[in-house]
Amino acid sequence: MPALLLSYFGQAALLLSSADVSILHVFFELYPVQFLLPVVLVATCAAVIASQVVISGVFSLARQALRLDLLLPMKVLLHLDTNPHDVHLPFVNALLAVLSLSMVVVFSSSCALANAYGISVSGAMLTTTVLYLAVRIGQIHSIRGFFLVLLASSVFLPLDMAFVLANVGKVDDGGVVPLSIAAIISLLIFAWMRGRLQATENRNLEPGQAVRAFVEGQRCRLDAPVGVFLIAPHNRY
């Protein structure tokens with residue numbers, strides 16, 4: 001974070017001090033021409049490292065969601081011989097590859113992708129802060145803990161909200177893409193949770209009662225008589 005702030009401050013100072021700087025390449029304009037190639041190599045290595053961090057983070061989030069029964073069961077590979085915490089999810093890996101290639105085809109340039117990036121990063125920051133505060137609120141057992149949570153919320157929430165509001169205007173210029181992806185994933189999670197809840201409730205019913213409950217629900221919903229014909233291996237019906 002300090003290095004990122006210094007980079008942003010340097011770019012802002014360069015824009016304020018010189019009117020001949022290209023807005024599209026402010027970062028590379030900070031360096032002399034003889035250092036341009038090494039800087040490009042370092043930036044490329046940083047991008048590769050960041051991509052690996054994103055992949056590992058998505059694997060970790062997906063595994064935690066699986067443990068909480070928020071996602072459909074999928075194959076999880078554990079590298080116990082090297083690192084027991086290192087996991088690999090083939091389906092998630094393939095999904096990331098498809099989405100990454102799709103983003104390249106849709107946006108075609110890093111400048112066009114910047115709007116979607118801003119929306120996704122600011123939204124992730126705000127979501128992380130809200131979830132952290134929600135967990136901490138549930139763990140408050142003293143006045144000191146209450147004031148610590150209040151202090152954290154007063155510092156981070158306004159900052160994250162400022163970033164989100166600053167990126168609201170980018171929704172029409174590519175920002176709708178990460179919002180749509182988040183909405184689809186949320187819909188899948190809620191559908192899976194609802195299905196599991198109904199399956200758990202039906203598991204406690206007598207054989208055939210789940211079918212009867214479903215039919216009765218449809219009869220009440222349609223407000224019309226429904227004929228039912230059930231075939232069962234016993235005479236309970």
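The values are calculated or read from the model by the stated rules, or taken from the named source; none is laboratory data. The structure displayed is predicted, hence computed values, not measured ones. Using ideal geometry, Cβ is built from the backbone for each residue, glycine included, and neighbour counts are taken over all protein chains shown.
Cβ contacts < 6 Å: first residue touching a residue at least 60 places away in the same chain (Cβ under 8 Å), restricted to segment 163-176; second residue of a type outside the set (S, T, N, Q) and surrounded by 17 or more Cβ atoms within 10 Å (Cβ to Cβ), any location; separation 6+ or different chain. Result?
Once the first residue is touching a residue at least 60 places away in the same chain (Cβ under 8 Å) and sits in segment 163-176, its partners that are of a type outside the set (S, T, N, Q) and surrounded by 17 or more Cβ atoms within 10 Å (Cβ to Cβ) give G174/A116; G175/A116; G175/I119.
Give the residues of segment 100-142 that are of a type in the set (A, V, I, L, M), under 13 Å from the mean Cα position of the chain (by Cα) and within 27 Å of P73 (Cα to Cα), sorted by residue number.
If the condition is that a residue be of a type in the set (A, V, I, L, M), under 13 Å from the mean Cα position of the chain (by Cα) and within 27 Å of P73 (Cα to Cα), then A124, L131 are the ones that fit.
Does L151 satisfy the criteria of being farther than 30 Å from V26 by Cα and surrounded by fewer than 15 Cβ atoms within 10 Å (Cβ to Cβ)?
yes
Tell me which helices (runs of 4 or more DSSP H) are completely within segment 1-79 and hold 1 or more residues being touching a residue at least 60 places away in the same chain (Cβ under 8 Å), or say none if there are none.
Ranges flagged: 36-67.
Using the structure shown, decide if T82 is hydroxyl-bearing (S, T, Y), exposed (fewer than 12 other Cβ atoms within 10 Å of the Cβ) and modelled with pLDDT of 80 or more.
no
Looking at S120, S102, can you tell me which residue is at pLDDT 80 or above, out of contact with any Gly (no Cβ under 9 Å at 6 or more places or on another chain) and in a helix (DSSP H, G or I)?
Of S120, S102, the one residue that is at pLDDT 80 or above, out of contact with any Gly (no Cβ under 9 Å at 6 or more places or on another chain) and in a helix (DSSP H, G or I) is S102.
Just wondering, is there one or more residues in segment 99-106 that are in contact with a Pro (Cβ under 9 Å, 6 or more places away or on another chain), surrounded by 13 or more Cβ atoms within 10 Å (Cβ to Cβ) and not assigned by TED's automatic domain parsing to the domain that holds S180?
No, segment 99-106 contains no residue that is in contact with a Pro (Cβ under 9 Å, 6 or more places away or on another chain), surrounded by 13 or more Cβ atoms within 10 Å (Cβ to Cβ) and not assigned by TED's automatic domain parsing to the domain that holds S180.
Determine whether I189 is surrounded by fewer than 14 Cβ atoms within 10 Å (Cβ to Cβ), part of a helix (DSSP H, G or I), under 17 Å from the mean Cα position of the chain (by Cα) and of a type in the set (V, I, T).
Considered against the rule, which asks whether it is surrounded by fewer than 14 Cβ atoms within 10 Å (Cβ to Cβ), part of a helix (DSSP H, G or I), under 17 Å from the mean Cα position of the chain (by Cα) and of a type in the set (V, I, T), I189 comes out as no.
Give me a count of the residues in segment 1-24 that are surrounded by 10 or more Cβ atoms within 10 Å (Cβ to Cβ) and modelled with pLDDT of 70 or more.
10
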